[in-house]
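Visitor: Before I ask anything, here is the structure I am working with.
Read the figures in this text as sums done on the coordinates, not as results from a lab. Just so it is clear, the model here is predicted, and its values are computed rather than measured. Counting neighbours? That spans all protein chains shown, and the Cβs are built from the backbone with ideal geometry, glycine included.
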Amino acid sequence: MNCTAEILLDWYAREGRDLPWRRTHDPYRIWLSEVILQQTRVAQGLEYYLRFTERFPDVASLAAAPEDEVLKLWQGLGYYSRARNLRAAARQVVERFGGVFPVSPDDVRSLRGVGDYTAAAICSAAYDAPCAVVDGNVYRVLSRLFDLDEPIDTTAGKRAFASLAQAQLDTAQPGRYNQAIMDFGAIQCTPASPRCEVCPLAEQCLALAAGTVADRPVKQGKTRVRDRWFNYLHISSGDKVLLHRREGRDIWQGLYEFPLIETGVSVDLAGLLDLPQFRELLGDAPWRLVRSVPMPKHQLSHQTLHAVFHRIETPLFTPFAAAMAVPASALGDYAVPRLVDRYLIKYPM
């Protein structure tokens, strides 16, 4: 064992977080936790992990679940492709591996939505396979420890850090080492205000010696964030409301929302009246505007959504192929984007 690994494992024994997926070698539950924790804080993900394992205690039960049920259970976590991939991969385990989670890193890597990091995390934690993980925390710890200015968002950079992580791995207890370095990055070597003054690796940290801690890790460039303007028509008639399911390869695929008119710039309701989408939804039927609700900006990873909900009442619905009329009391049964959920919390039916 190298000196760094020994220090990290000693720190982990004292400071590591006690989490339910660390008390098991069940690859299904470890996989589930890894998928949930992608782009999600542990405090939030824990609740979802417990909910999922209660409803789907094994891979077969997840594989048999309808997509709508999985998406509803996932609601609020965002990045919904993770939930769709989770269910698809569970079905692959049932169909290709007889319901037994695969052991080989290559077989695990072949599952839908499983990349190098997730495969390494599962195989090291479940089977003690000598596979190093490289996530945001590991990038940060290694880039500071060795004062590396190689950008982590390039192919060459990813390859270099993967090689370095593998070289640092304690192959005698790889699962525990991987958890140790990830927790170290999450708790000790944090993005802002790292606890350098009480860091057990301070004497070895080249970035601390060079004064470059705040500059590590290096990224080549940021992805441009684009603005989108969503105009939702919350149309009700009696005790029913119109919903439609998002399809295609856009955000929130498979989730439900009110009929949407997307525009290139901000427009008020008067600006929507002559649009064909508006006329298709309401036709010549009389209607009444109850309220218009502008929402706070909704930030996604590479998009800023500017949304307004127009609450409209009409005595009858115009036939609209892409929408369905559902009882307002049943809205809670449908998986909706967080943006729509926030609106419904503020203005319940």
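Visitor: If you take every DSSP beta bridge fully contained in the chain, what fraction is antiparallel? Give it as a percent rounded to 5.
Guide: Numbers: 20 of 31 bridges.
If we restrict to bridges inside the chain, about 65 percent are antiparallel.
Visitor: If you count, for each residue, the other Cβ atoms within 10 Å and average over each peptide, how do 77-84, 205-212 line up from highest to lowest? Walk me through the numbers before you get to the answer.
Guide: Working: 77-84: 18.6, 205-212: 15.8.
The packing order, highest mean first, is 77-84, 205-212.
Visitor: Next question. What's the local net charge at H298, with K and R +1, D and E -1, over the other residues with C-beta under 12 Å away? Walk me through the numbers on the way to the answer.
Guide: Working: positive: R228, K297, R338, R342; negative: D227, D341.
With Lys, Arg at +1 and Asp, Glu at -1, the net is +2.
Visitor: Go ahead and estimate [θ] at 222 nm for the chain from helices alone: -39,500 (n - 2.57) per DSSP H run with n ≥ 4, summed, over the residue count, rounded to 500.
Guide: Values: 15 runs with 144 residues, N = 349.
So the calculated ellipticity at 222 nm is -12000 deg cm²/dmol.
Visitor: Taking a ≥ b ≥ c as the square roots of the Cα gyration tensor eigenvalues, with a/c under 1.5 meaning rounded and otherwise prolate when a/b beats b/c, else oblate, which class fits the stretch 61-181? Intermediate results must be reported in sequence, preceding the final value.
Guide: On the way: a/c = 2.52, a/b = 1.67, b/c = 1.51.
It comes out prolate by the Cα gyration axes.
Visitor: Taking the Cα centroid of the stretch 122-158 and of the stretch 30-60, what is the distance between the two, rounded to the nearest whole Å?
Guide: Cα centres, the stretch 122-158 to the stretch 30-60: 22 Å.
Visitor: Based on the alpha carbon coordinates of the stretch 149-290, what radius of gyration and maximum Cα-Cα distance (Dmax) apply, in Å?
Guide: Spelled out, the Cα radius of gyration and Dmax of the stretch 149-290 are 26.3, 76 Å.
Visitor: Would you mind computing, in nm to one decimal, how far apart the modelled labels at L269 and D128 are, each placed 7 Å from Cα along Cα→Cβ?
Guide: My value for the distance between the label points is 6.7 nm.
Visitor: Continuing with the same structure: Kindly express, to the nearest 10 degrees and within the range 0 to 90, the angle between helix 174-183's C-alpha long axis and the longest C-alpha principal axis of the chain.
Guide: The two axes meet at around 60 degrees.
Visitor: Extension gain R291-T171, at 0.36 nm per residue separation less the Cα-Cα distance, in nm?
Guide: Details: separation 120, 0.36 × 120 = 43.20 nm, distance 6.20 nm.
37.0 nm is the gain from fully extending R291 to T171.
Visitor: Let me ask something additional. Could you give P(r) for the stretch 244-283, binned at 10 Å from zero, as whole percent values over all Cα-Cα pairs?
Guide: In whole percents, the pair-distance histogram is 26, 44, 30, 0.
Visitor: Consider all pairwise Cα distances in the stretch 226-346 and report the whole-number % of them above 17 Å. Before the final figure, lay out the partial values.
Guide: Numbers: 3998 of 7260 pairs.
The calculated P(r) of the stretch 226-346 puts 55 percent of pairs beyond 17 Å.
Visitor: Now a separate question. Could you give the length gained by full extension between R14 and A328, i.e. 0.36 nm per residue of separation minus their alpha carbon distance, to one decimal place?
Guide: Numbers: separation 314, 0.36 × 314 = 113.04 nm, distance 5.13 nm.
Between R14 and A328, full extension yields an extra 107.9 nm.
Visitor: Over the stretch 226-346, what is the percentage of antiparallel beta bridges among all DSSP beta bridges, to the nearest 5? Could you put the intermediate results ahead of the total?
Guide: Details: 20 of 31 bridges.
Bridges in the stretch 226-346 are about 65 percent antiparallel.
Visitor: Return, ordered by residue number, the residues of the stretch 68-101 whose backbone nitrogen is under 11 Å from a label point located 7 Å along Cα→Cβ of D58.
Guide: Within reach of a label on D58: 99-101.
Visitor: I'd like to compare 19-31, 121-133: which one has the highest average count of other Cβ atoms within 10 Å, and what's the full order after that?
Guide: 121-133, 19-31
Visitor: Once you treat every alpha carbon in the stretch 3-215 as an equal point and sum by Debye, what is log10 I(q)/I(0) at q = 0.15, 0.16 Å⁻¹?
Guide: -0.97, -1.08
Visitor: I'd like the FRET efficiency for V42 and D341, computed as 1/(1 + (r/R0)^6) with the beta carbon distance as r and R0 of 30 Å, rounded to 0.05. If you can, show how the numbers build up before the last one.
Guide: Working: r = 22 Å, r/R0 = 0.73.
Computed FRET efficiency for V42 and D341 comes out at 0.85.
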